[in-house]
Amino acid sequence: QKEVEQNSGPLSVPEGAIASLNCTYSDRGSQSFFWYRQYSGKSPELIMFIYSNGDKEDGRFTAQLNKASQYVSLLIRDSQPSDSATYLCAVNRGYNTDKLIFGTGTRLQVFP
Amino acid sequence: ETGVTQTPRHLVMGMTNKKSLKCEQHLGHNAMYWYKQSAKKPLELMFVYNFKEQTENNSVPSRFSPECPNSSHLFLHLHTLQPEDSALYLCASSQDTKRAGYTGELFFGEGSRLTVL
């Protein structure tokens, strides 16, 4: 079993729709969770992090965490073509550790 | 200067060559990382340095040799590589992981695209 699993996609959504990106992880001891966005040919950049169960909102982005189900998701409201990228889920086993484990990423395509 | 700078951006080398990748960060961070990114695979952590001390070696073959002379510079020395080592090598930096308020955010460089012939 992979430590961090994501559907590789592509996930295609029309402009203005909600894009839902999902991620599961295997280590129950994981404490912090991250979503990075990577445009083609570019390096990853952090969008959001979440530590506690529930939702965390930042603009058009909402991260959702369910530790019991070992599941973390990212919702993008009012999707724009500029959101088209690969979204990487990453998991850290502790609050102050430096070993971030990444998933393979989900490619999102937002079409006009 | 942008936050994390990597050179060279592209490198082609033969299996018997010795080359080095360089990373420099201008963010005042104390932790630096090497990640490997291959097609269809997750970002793979290779090495972590915190305050110049290596804190993680993720079972990386000895043909990859890291060097961290100070908190702002990180090198990856390459020797006798294999074609399967061809990948994008990403350097990243972060705050000290033991510091209060650490968010786990990594700041990545643009990467060095390595091709081993």
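Bear in mind these aren't lab numbers, they're just calculated from the coordinates by the rules spelled out. Predicted model, so just to flag it, every value in this text is computed and none were measured. Ideal geometry is used to build each Cβ from the backbone, glycine not excepted, and the neighbour counts take in all protein chains shown.
Annotations
- Positive-end ranking of B:57, B:82, B:35 along the dipole of chain B, with charges on Cβ about the Cα centre, is headed by B:82.
- Selection from B:114, B:26, B:93, by position along the positive dipole direction of chain B (Cβ): B:114
- Around the Cα centre of the range B:36-97, unit charges on the Cβ atoms of Lys, Arg, Asp and Glu (plus for the first two, minus for the last two) sum to a dipole of about 180 debye.
- Cα-centre dipole for the protein assembly as shown with unit charges at Cβ (Lys and Arg positive, Asp and Glu negative), debye to 20: 420
- Number of Lys pairs (Cα under 21 Å; 8 or more positions apart or on different chains) in chain B: 6
- Note on A:45, B:24: ascending count of other Cβ atoms within 10 Å places them as A:45, B:24, the fewest first.
- Coordinate range along principal axes, alpha carbons of the range A:17-65, Å, largest first: 33, 23, 15
- Restricting the chymotrypsin sites (Phe, Trp or Tyr not before Pro) of the range B:1-81 to loop positions (DSSP other than H, G, I, E, B) with no more than 14 neighbouring Cβ atoms within 10 Å leaves B:51.
- Sequence-separation-based contact order of chain A, relative, with Cα cut under 8 Å and 6+ spacing, percent: 38
- This model, with +1 at the C-beta of Lys and Arg and -1 at the C-beta of Asp and Glu, gives chain A a dipole about its Cα centre of some 220 debye.
- Segment residue A:27-residue A:12, length gained on full extension (0.36 nm per residue, minus Cα span): 2.4 nm
- Whichever lysines have a C-alpha closer than 20 Å to that of residue A:67, once near sequence neighbours (fewer than 8 apart) are set aside: A:2, A:56, A:99
- Of the residues B:43, A:21, B:117, the one with the fewest other Cβ atoms within 10 Å heads the list, and the complete ranking is B:117, A:21, B:43.
- Note on B:32, B:15, B:46: ascending count of other Cβ atoms within 10 Å places them as B:15, B:46, B:32, the fewest first.
- Using a 4.7 Å Cβ-Cβ cutoff, the cysteines of chain B lacking any partner cysteine are B:68.
- Residue among A:82, A:68, A:109 farthest towards the positive dipole end of chain A, charges placed on Cβ: A:68
- Each Cα pair under 8 Å and six or more residues apart adds its sequence gap; the mean of these over the residue count of chain B is a relative contact order of 36 percent.
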